[in-house]
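Colleague: Got a structure for you, questions after.
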Amino acid sequence: MPTFCAITFNENPSGVYCGGQVLSGKVSLTTNRIKAIRGIYITVRGYGDVRWTEHRTRNGANRRRVTDTVWYRAHDDYFNSRVDVLRSPDGNRFDLVPGKYEYNYQILLPSELPSSFNGQYGTVRYEVICTIDRPWKFDNVFKHPFTIIRPLDFNQATIYMQPVERQETKQFSRIFCCGHGGEIYIKGSIPVGGFVPGQTIPVSAFVKNLARVSCYETNACLVQTVEYRSYTPHRKSRFEVTPVTLNLFGPLEKYEEKELSCNLCIPAIAPTSLNSCNIIEVSYYVEIQLKTRGLHSNMTVKLPVTIGTIPYFYNYNAMDTSVPTTSRGAVTPDAPPAYEEAIKLGPVYSTNDEQDQYMQNVDFLPRYPVYNFANGTGIQPDNTAPAITTQPTETKEKY
């Protein structure tokens, strides 16, 4: 290759930063032939991008059905900082002789930035770009992405450390007959509402089947929901629902009651957005599902879960009376978090940018903090905290 570019970060090989930190590093350029250029500049930028298509059918000429493709898009720029590292005084072209060139860069990142994310229909991306400005030719553009983590500290938001409970009752009708077919009652709970990657979510459920219907499968699943929002041609949302971790309990027979429990592991996944991004919203819940056959619909209970970046430490900041030290909390992790690549939950977004051919780490995935707890769950039991509950709901099948 005539020109090679390596972009590195100072004292941060993983390339993970938070808003408000100083991002600095080095760009190393190596060229083996003379290049006519106007200059070299380094850009550090962050942006969010959303794009998807939908198809609409309408009546066309001669009463023929015509299918149109509608593009939904949105774009937000978070920051864009550029510095010229090599430029002639008069702005004219000059020759870059073969050799190795090194340039340093440094930028203070804005304080309020959404976390990096890469989904099927959108991305929140941050990158360092080195551009060789070439007259009358395509520029040489080299990109190196990095990760931004927006902190979600459970020590400052202890509301997420309360237990969560939900309960549902569903009545079944006799198919093709009048009368009552019985009901199924389910109550699900988790000890707290906030977790970090590396923890496991202890899920408990009590199921009482008083119906003539058996369930061929019961399961608990951690689910990620991503809402993508468009600006053009008008405001619209598209949702992507993806299972993260699944646990199977087995069948539930007629007139049977069971107590179910499992631990759902949390891998390296994006933290909950909490409205930090205007065009992409990431949220999670634990779903307990009972699957039935025939004309009966499945029964589910959803427990909202918040994925954070800093776990709740038991007896954290005891001098601050605003932080309760006796609430249910997490046992101190064994070590600082490791920043691991996000797991692939499905297809990832592509910008279709021709300049991406010069990107280092083309298959880049954001890195998220993953903690290691000695007891796995990282939860310290405590029955004194009140549970977050909702009134039981009742559904009835109609035929």
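Colleague: Would you calculate the separation in nanometres between label points at T351 and E165, each defined as 7 Å from the Cα along the Cα-to-beta-carbon direction?
Modeller: In this crude spin-label approximation the distance works out to 4.9 nm.
Colleague: Follow-up question, since we're still on this one. For the peptides 24-33, 335-344, 185-194, what is the packing order when you average, over each peptide's residues, the other Cβ atoms within 10 Å and list the highest mean first?
Modeller: Working: 24-33: 16.0, 335-344: 14.4, 185-194: 22.7.
Final packing ranking: 185-194, 24-33, 335-344.
Colleague: If you don't mind, there's one more thing I want to ask. For the peptides 154-162, 256-264, 65-73, what is the packing order when you average, over each peptide's residues, the other Cβ atoms within 10 Å and list the highest mean first? Show your work: numbers first, answer last.
Modeller: Numbers: 154-162: 17.8, 256-264: 15.0, 65-73: 11.7.
Highest-to-lowest ranking by the protection proxy: 154-162, 256-264, 65-73.
Colleague: On a full-extension model of 0.36 nm per residue, what is the gain between R293 and V85, subtracting their alpha-carbon distance, rounded to one decimal in nm?
Modeller: On the way: separation 208, 0.36 × 208 = 74.88 nm, distance 6.70 nm.
Stretched fully, the R293-V85 segment lengthens by 68.2 nm.
Colleague: Want the number for N278 to N12: 0.36 nm per residue separation, take away the alpha-carbon distance, what's left?
Modeller: Numbers: separation 266, 0.36 × 266 = 95.76 nm, distance 2.87 nm.
So the chain would gain 92.9 nm between N278 and N12.
Colleague: Now for a separate question. Taking the highest mean first, how do the peptides 122-132, 52-62 order by number of other beta carbon atoms within 10 angstrom per residue?
Modeller: Working: 122-132: 22.6, 52-62: 9.5.
Averaged packing, sorted descending, gives the order 122-132, 52-62.
Colleague: Of V124, A61, G91, whose Cα points farthest to the positive end of the dipole of region 3-148 (charges on the beta-carbon: +1 Lys, Arg; -1 Asp, Glu; origin at the Cα centre)?
Modeller: The Cα lying farthest towards the positive end belongs to A61.
Colleague: Also: Hey, what do the phi angles of region 302-311 turn into as Karplus ³J(HN,Hα) couplings, whole Hz, using 6.51/-1.76/1.60 and θ = phi - 60°, x for Gly and Pro?
Modeller: Once θ is set to phi - 60°, the couplings for region 302-311 become 10, 10, x, 10, 10, 9, x, 10, 10, x Hz.
Colleague: Which links in K187/K236; K137/K236; K236/K291; K258/K302; K208/K302; K35/K143 stretch past 28 Å when you go from one Cα to the other? Please list the in-between numbers first.
Modeller: Numbers: K187/K236 35 Å; K137/K236 39 Å; K236/K291 32 Å; K258/K302 18 Å; K208/K302 17 Å; K35/K143 20 Å.
Those over the limit are K187/K236; K137/K236; K236/K291.
Colleague: Follow-up question, since we're still on this one. Rounded to the nearest 0.05, what FRET efficiency is calculated for T242 and Y101 with R0 set to 41 Å and r the Cβ-Cβ distance? Could the numbers behind the result be given before it?
Modeller: Values: r = 44 Å, r/R0 = 1.07.
Working from the Cβ atoms, E equals 0.40.
Colleague: Please give the net charge around L365, taking every other residue with its beta carbon less than 13 angstrom from that of L365, where Lys and Arg add +1 and Asp and Glu add -1.
Modeller: Working: positive: R125, K344, R367; negative: E340, E341, D363.
Combined, the nearby Lys, Arg, Asp and Glu give 0.
Colleague: Which distance in nm do the two modelled labels at D68 and E340 give, with both placed 7 Å along the Cα-to-Cβ direction?
Modeller: My value for the distance between the label points is 4.7 nm.
Colleague: Ok, one more. Once you list every other residue whose beta carbon is under 15 Å from the beta carbon of R65, what net charge do they have if Lys and Arg are +1 and Asp and Glu are -1? Kindly include the intermediate steps, with their values, before the conclusion.
Modeller: Details: positive: R56, R58, R63, R64; negative: D68.
Once all neighbours under 15 Å are counted, the net charge is +3.
Colleague: What does the charge count around L29 come to, taking other residues whose C-beta lies under 12 Å from its C-beta (Lys +1, Arg +1, Asp -1, Glu -1)?
Modeller: Values: positive: K26, K35, K100; negative: E102.
Local charge sum for L29: +2.
Every number in this text was worked out from the coordinates using simple rules, so none of it is lab data. Everything numeric here is computed off the predicted structure, so don't read it as measured data. All Cβ positions, even for glycine, are placed from backbone atoms using ideal geometry, and neighbour counts span all protein chains on display.
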